[in-house]
Amino acid sequence: MAAVNSSKLCCSESRLNVMFRWNRMIFKLHFMFTFLLLFVSLCFSDDDHEMEEFLKREFSLSKPYQGVGSLGSSHWELMGDAMVTTDQVRLTPDMQSRQGAVWSRIPCQLKDWEMQVHFKVHGQGKKNLNGDGLAIWYTKERMQKGPVFGNMDNFTGLGVFVDTYPNEEKHIERIFPYVITMVGNGTISYDHERDGRHTELGGCNAMVRNLKHDTFLFIRYVRRRLTVMIDIDGQHEWRDCLDIPGVRLPLGYYFGASAITGDLSDNHDIISLKLYQLTVLRSKKEEEEEEQDVITIPSVDNMELLRLYQSEEGMSGLAIFFTVLFSMLGCIFLIVIGIVVYSQWNERRRKRFY
């Protein structure tokens, strides 16, 4: 009888030990998962906590467009076929062989900024029977007509293009309209035949034509990091398009927007351009390094590595981060399950042995 009671007591103790170990593992897993979530939230919120934004009206364009295009009485100047209406600045009408632009008259001296572009592309042409697209610029040159979405080729600075017509039909994996970003140093030419592929930093597809809701483009330049996002689904949510570190843009360049049509056409409208100055907290060391490293020519760090990465049409940085994160969580889950299964097997083996 004592042996039976002793055996029952041992079984009870074993079960308690297993339960205690299991609860301890659950607690550890919960702690690790909570820590990872906190780490992710801190990673993506640091910039927001360190930044304040201020609308810069002298670099912004919005209704009622008072004086736009009038000589000397506005911060913005029209070029080509661009015209002002009560609802928008129309860069081109839905007519063949037109090009137009609107340019800021004041050079921008801000180190950190973001531009929010409210635009509209619409016309009578059906899919693939429309063109050619519009561009947002931050360049050394201004008021120069040319073939690159209504601006000059071999530009110096930043161009973000909403390309609505595919010239290179062989690459069927890319759906147009497509947002493309390019940094030029004055010697790099935009290749129309290949839709600018060999000079682009990256981009994303953006179905923006003939939509009933508003469409937006977001360009942020902070700590030499260039971020491009779009809001085109009518959900008032930004979608990642491009995020590239090591982009070097000089101060004193001009903001502008341009568009062009050829045999195919569209209305290319700018409803508003809103520029915000971002006040970013920097350490004394960072300020000293930036003062010593004065940027005179636009460039991108590790451009060759970026080209290699793009050759495989890689995922965005955010997608890669979450892929790694969930892979780690999956590995942790499998390890915990393995430990539990091994503990149960070892317990049964111990019981059979004794």
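The values are calculated or read from the model by the stated rules, or taken from the named source; none is laboratory data. Please read all numbers here as calculations on a predicted model, not as lab measurements. Cβ placement follows ideal geometry from the backbone for every residue including glycine, while neighbour counts extend to all protein chains displayed. Quick note on the areas: whole protein, heavy atoms, side chains included, nothing else; ligands and nucleic acids left out. Shrake-Rupley method; radii C 1.70, N 1.55, O 1.52, S 1.80 Å.
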If we keep only residues of segment 266-295 that are at pLDDT 95 or above and of a type in the set (Ser, Thr, Tyr), then the residue most open to solvent (accessible area, probe 1.4 Å) is Tyr276
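Given the criteria at pLDDT 95 or above and in contact with an Asp or Glu (Cβ under 6 Å, 6 or more places away or on another chain), does Lys140 qualify?
no
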Is it fair to say Gly203 is in a strand (DSSP E or B), open to solvent by 10 Å² or more (accessible area, probe 1.4 Å) and either within 28 Å of Glu52 (Cβ to Cβ) or not aromatic (Phe, Trp, Tyr) (or both)? yes
Looking at segment 83-135 only, could you name the residues that are among the polar types (S, T, N, Q), open to solvent by 60 Å² or more (accessible area, probe 1.4 Å) and farther than 20 Å from Gly67 by Cα? Gln96, Ser97, Gln109, Gln124, Asn128
With respect to Met143, determine if the residue is among the hydrophobic types (A, V, I, L, M, F, W, C), open to solvent by 10 Å² or more (accessible area, probe 1.4 Å) and without any contact (Cβ under 8 Å) to a residue 12 or more places away in the chain. no
Please enumerate the residues belonging to segment 192-202 that are in contact (Cβ under 8 Å) with a residue 40 or more places away in the chain and closer than 17 Å to Gly131 by Cβ. His192
Since Glu193 meets every condition but one in (1) more than 30 Å from Gly252 (Cβ to Cβ); (2) touching a strand residue (DSSP E or B) at 6+ places or on another chain (Cβ under 7 Å), which condition does it not meet? (2)
Looking at (1) touching an Asp or Glu at 6+ places or on another chain (Cβ under 8 Å); (2) farther than 30 Å from Val294 by Cβ, find the lone condition where Arg105 falls short. (2)
Considering segment 168-193, residues that are assigned to a loop (DSSP other than H, G, I, E, B) and within 18 Å of Asn151 (Cα to Cα), and then whichever is most open to solvent (accessible area, probe 1.4 Å), we arrive at Glu193
